[in-house]
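In what follows, a single structure is set out as structure tokens and then discussed.
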Amino acid sequence: MKRILYIPFDHLNRDYGVLKTVDPATDQIVIVESARMTTGRPWHKERLFFLISSARHFASELTSAGYKVSYLKAQTTIDGLKRAQTELGKLPIYSAEPSSFVQYQQLAEFGVEFVPNDFFLTTRVDFELWAGKQKSFLMETFYRAQRLRLGIMIEDGKPKTGVWNFDKENRLPPPKNYTWPEYLVHERDEIDLEVCAELELNPTNTWATTRSGALAQLDHFIEHNLTNFGPYEDAVSNDSWALHHSLLSPYLNNGLLHASEVISAALVKYKAGHAPIASVEAFVRQIIGWREYLNGMYWHLGADYKFKNGLTAERKLLPLFQDSSKTKMKCMQGIVSDIETRAWTHHIPRLMILSNLALVTGVNPIEFLDWMREQFIDATEWVMVPNIIGMGLHADGGQLMTKPYAAGGAYISRMTQFCKGCEYDPKLRVGETACPFTTLYWDFLDRHKEEFAKNHRMSQQVAGIKRLSDLPELKLRAQQVLSGLDKGTI
Ligand SMILES: Cc1cc2nc3c(=O)[nH]c(=O)nc-3n(C[C@H](O)[C@H](O)[C@H](O)COP(=O)(O)OP(=O)(O)OC[C@H]3O[C@@H](n4cnc5c(N)ncnc54)[C@H](O)[C@@H]3O)c2cc1C
Ligand code: SF4
């Protein structure tokens, strides 16, 4: 053996990363299941199951294909690599560039040599070239450059259908009397059951743990959900927890799928005339736009970005995030119990319900980030940090998003079906039955009016405070709501 090829849990793909150049005659593949990763935090068991079972399946598939693989259990990744070097001789270790600053530093200090990380469509160098030319880092500007660079739905340097986006056609509220597609069920095999027994978990059938399962999920999405992805991408329905979302993020993030094959599948369907442009464009935007942009910005903004707390938010994590029975708010009950079940909810609940509540109550960004990292099936450092610190909590003073995504009950009432069954009223901002979101939205604006007055995109909202005749009453109610949320009684 001449080399050790180290495969982290998020590089599970034979065609990318360090395995691109694997030679079965001279390379030993090493995968480390570290105790720090699996027991270091109160991880959601569904998440642990998905990560561990995917890695064990990957190791087993590589072995069956004739590669030499060591799947090691160790206290830490570095302990595992040390053991591999003890057992195999002090061979040089190669890996694709890791996906977080911490892992990059740890592996680099241990002497691991990196090959470029090609699990994204945009290299870190290409992103820096783009970022270096920008005054502000607008996702829309990046997305258009991506469409041009990758030649996706482009003709003569312009978008094929005349416009760059179809937001006006999309973003509809949840439909009434609508039949949502069936969910794809992923059956469990022996490796899955072994992991479940170790974790003492009876898993859902939501998540695949193999490449073939991930490909089946991609096919299912393209066949049953792509057509109506766009119109309902922002809606939240009581009848379906997935709506038309793809459920592909876990596989894109752990390597079982690559962005290029996901995009190709959507474009094939579009070119065959089987999916409308408004939906295909909306989906393509998520992958070549948002996903690539946030990864690029994670590296561009640097390791310290994660610790920003520009709004000096110091509240402890609210009990309702850890236990859906600790609230009477129907929206929070519904979304948190979805997460308790399958470790997933789509981007609008993540942004406009969960993060929105953390933002307007002033939950400490790191506490909220840690909770989301523990709970979500697709949580990885590069994607969580900018989404939460920048987009969700505006803790970066606007480096990523020009204004905070704060909203009152009216938005949630329009885009979800929770409010009808709730004991709070989204239209009320004062009184016992006032919607906590509506009260806290105004309280939040008032608390930060000085900072926000300097932001031209916020000036209208801040000016609205002056028109509130009941501001003193509202401030009083906000204190009651905050104290009730802290106690888990609201
Ligand atoms: C506060 C917050 C936290 C988030 N945390 C994560 C996370 O830990 N992991 C994660 O993968 N996504 C995260 N997202 C982005 C997004 O919510 C999920 O990617 C999406 O809900 C996953 O479900 P899906 O695969 O069905 O997505 P779809 O709606 O079907 O979208 C397709 C794909 O687009 C990509 N995508 C869409 N939006 C984003 C985005 N904002 N950032 C990065 N990729 C995006 C994902 O890869 C996703 O699979 C977060 C968003 C917010 C607002
Ligand atoms: S009324 Fe307010 S708390 Fe109740 S479901 Fe609607 S937004 Fe949520």
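The values are calculated or read from the model by the stated rules, or taken from the named source; none is laboratory data. Just so you know, these numbers come straight off a predicted model, no measurement behind them. Methodologically, a virtual Cβ is constructed for each residue, glycine included, from the backbone with ideal geometry; neighbour enumeration extends over all protein chains shown.
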Can you pull out the residues in the range 388-427 that are more than 16 Å from ligand 2 (Cβ to nearest atom) and of a type in the set (Val, Ile, Thr)? ILE388, ILE389, THR402
Of the criteria (1) closer than 19 Å to LEU317 by Cα; (2) away from ligand 2 (no atom under 14 Å from the Cβ), which one PRO349 fails: (2)
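For every residue, the table says whether it meets (1) touching a Lys or Arg at 6+ places or on another chain (Cβ under 6 Å); (2) within 22 Å of TYR293 (Cα to Cα); (3) exposed (fewer than 13 other Cβ atoms within 10 Å of the Cβ).
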residue: SER136; (1), (2), (3): no, yes, yes
residue: MET139; (1), (2), (3): no, yes, no
residue: ALA145; (1), (2), (3): no, yes, no
residue: GLY151; (1), (2), (3): no, yes, yes
residue: GLY162; (1), (2), (3): no, no, yes
residue: PHE166; (1), (2), (3): no, yes, no
residue: GLU169; (1), (2), (3): no, no, no
Applying the selection to the range 446-490, what residues are buried (at least 17 other Cβ atoms within 10 Å of the Cβ), closer than 23 Å to PHE418 by Cα and among the β-branched types (Val, Ile, Thr)? VAL481, ILE490
What number of residues within the range 36-80 are surrounded by fewer than 17 Cβ atoms within 10 Å (Cβ to Cβ) and either closer than 30 Å to SER337 by Cβ or in contact with a Pro (Cβ under 6 Å, 6 or more places away or on another chain) (or both)? 8
Write out, first by first residue and then by second, each pair whose Cβ atoms fall under 7 Å of each other, whose residues are 6+ apart or on separate chains, and whose first residue, in the range 264-289, is in the same structural domain as ASP219 (by TED's automatic domain parsing) while the second is assigned to a loop (DSSP other than H, G, I, E, B) and of a type in the set (D, E, K, R). ALA278/GLU169; ALA282/GLU233
Please find, among GLU87, GLU97, the residue that is without any contact (Cβ under 8 Å) to a residue 40 or more places away in the chain, assigned by TED's automatic domain parsing to the domain that holds ARG14 and crowded, with 18+ Cβ neighbours inside 10 Å. GLU97
Between a residue in the range 393-406 that is free of Cβ contacts under 8 Å to residues at least 24 places away in the same chain and any residue that is not β-branched (Val, Ile, Thr), which pairs come within a Cβ distance under 8 Å, given they are 6 or more apart or on different chains? MET401/GLY390; MET401/MET391; MET401/HIS394
From the list ASP304, ASP338, exactly one residue is touching a residue at least 24 places away in the same chain (Cβ under 8 Å) and either within 15 Å of ligand 2 (Cβ to nearest atom) or over 19 Å from the mean Cα position of the chain (by Cα) (or both). Which is it? ASP338
Helices (runs of 4 or more DSSP H) enclosed by the range 284-389 - at least 3 residues per element that are among the aromatic types (Phe, Trp, Tyr): 292-301
Test: ASP10 is surrounded by 20 or more Cβ atoms within 10 Å (Cβ to Cβ) and within 26 Å of THR345 (Cβ to Cβ): yes
Screening VAL125, VAL185 for residues that are within 27 Å of ILE348 (Cβ to Cβ) and loosely packed, with under 15 Cβ neighbours inside 10 Å leaves only VAL185
Looking only at the range 417-445, and only at residues there that are surrounded by fewer than 21 Cβ atoms within 10 Å (Cβ to Cβ) and among the acidic types (Asp, Glu), the one that is farthest from ligand 1 (Cβ to nearest atom): GLU432
Could you figure out which of (1) part of a helix (DSSP H, G or I); (2) surrounded by 18 or more Cβ atoms within 10 Å (Cβ to Cβ); (3) over 18 Å from the mean Cα position of the chain (by Cα) isn't true of ALA275? (1)
